[in-house]
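Following: one structure in structure tokens, then a few remarks.
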Amino acid sequence: MQPISVLITTHNEADNIRGVLESVQWADEVMVVDSFSTDETVALASTYTDKVLQRAYKGPADQKNWAIPQLSHEWVLILDADERVRPELKAEIQYWLQQEDIPFDAFWINRQNHFMGQQVRYSGWQGDAVVRFFRRDKGRYDAKQVHEEIVTDGIRVSRLKTKMDHYTFKDINHFLDKMRRYAEWSARDHQARTPHVGWFHLWIKPAFRFFKHFVLQRGFLDGKVGFVVSVIMAWGVFLRYVKMMEKERGRIS
């Protein structure tokens with residue numbers, strides 16, 4: 001079987017780090033790259049792996065692109081601290097690692113999202129998938145600050161059948177803090193192609209985002225949780241453009 005390296009990036013993930021590390025104890029190498037956590041993340045991670053590095057955080061893509069070349073093995077699995085590898089996913093990954101010649105360079109993995117103690121089956125999250133299992137020398141992240149992804153142009157990509165679990169919610173304050181960070185990063189990504197923020201951005205786009213998640217993507221089937229998800233997603237769009245407007249006014253003044 002071909003060996004595999006697992007990379008996990010962290011910052012103040014003491015609540016999550018045990019779960020993700022326990023789900024990958026079968027891997028040949030596990031590396032944690034921490035951006036100077038102030039909680040017990042590093043101490044806890046060190047009880048599971050001797051490869052815990054610290055580096056100042058510039059952005060998710062930058063952090064992962066720095067770490068990937070330092071991994072020992074050709075095949076890499078990247079996880080966030082709030083993700084878990086199911087036994088079925090482990091078995092599917094190991095099936096591919098047993099092949100002498102894997103005909104792909106990367107694999108999409110679907111995520112089963114959990115929010116407020118409930119599996120979210122709709123609400124726009126039903127198609128959530130990420131490229132996380134790939135050849136080390138073939139995979140690099142694009143330069144986006146939000147929803148960064150492995151660049152798949154020119155490489156052979158397939159999709160695994162089994163999902164990973166994604167526990168994106170600790171409590172509402174934690175999730176809103178995450179959305180505020182995403183809004184800030186997303187504002188940077190959108191700034192160049194949106195030179196002026198108008199009512200269309202502040203009203204129509206957030207309203208459509210709610211309609212998209214709750215109606216078109218059937219968030220109503222997730223009940224109250226689907227409604228909460230849809231509202232927060234719309235709020236994130238609104239906050240993105242507020243931050244862009246703030247930056248725009250700063251430039252003008």
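Assorted remarks:
- Restricting region 120-156 to residues that are among the aliphatic types (A, V, I, L, M) and within 19 Å of E92 (Cα to Cα) leaves a set whose member that is surrounded by the fewest Cβ atoms within 10 Å (Cβ to Cβ) is A129.
- Meets criteria (charged (D, E, K, R) and more than 30 Å from E13 (Cβ to Cβ)) for R193: yes
- Looking only at region 1-38, residues that are exposed (fewer than 15 other Cβ atoms within 10 Å of the Cβ), more than 16 Å from A91 (Cα to Cα) and among the hydrophobic types (A, V, I, L, M, F, W, C) come to 1 in all.
- Test: I150 is of a type in the set (A, V, I, L, M, F, W, C) and under 22 Å from the mean Cα position of the chain (by Cα): yes
- Residue check, F211 surrounded by fewer than 17 Cβ atoms within 10 Å (Cβ to Cβ), without any contact (Cβ under 8 Å) to a residue 60 or more places away in the chain, among the aromatic types (F, W, Y) and not assigned by TED's automatic domain parsing to the domain that holds A61: yes
- Being on the phi < 0 side of the Ramachandran plot and free of Cβ contacts under 8 Å to residues at least 40 places away in the same chain holds for only one residue in H201, H196, H174, H190, and it is H174.
- Output for region 157-176, where each listed residue is in a helix (DSSP H, G or I) and buried (at least 16 other Cβ atoms within 10 Å of the Cβ): F175
- Taking the criterion of being in contact (Cβ under 8 Å) with a residue 24 or more places away in the chain and either crowded, with 17+ Cβ neighbours inside 10 Å or of a type in the set (F, W, Y) (or both), the residues of region 43-64 that qualify are L44, A45, Y48, T49, Y57, P60, A61, Q63, K64.
- Members of region 12-34 found to be in contact with a strand residue (DSSP E or B) (Cβ under 7 Å, 6 or more places away or on another chain) and either in a loop (DSSP other than H, G, I, E, B) or of a type in the set (D, E, K, R) (or both), listed by number: S23, V24, A27, D28, E29, D34
- Of residues in region 177-207 being surrounded by 14 or more Cβ atoms within 10 Å (Cβ to Cβ) and either of a type in the set (A, V, I, L, M, F, W, C) or assigned by TED's automatic domain parsing to the domain that holds W125 (or both), the one farthest from G236 (Cα to Cα): V197
The values are calculated or read from the model by the stated rules, or taken from the named source; none is laboratory data. Since the model is a prediction, treat every value here as computed from it, not as a measurement. Quick reminder, even Gly has a Cβ in these numbers, built from the backbone with ideal geometry, and neighbours come from all protein chains shown.
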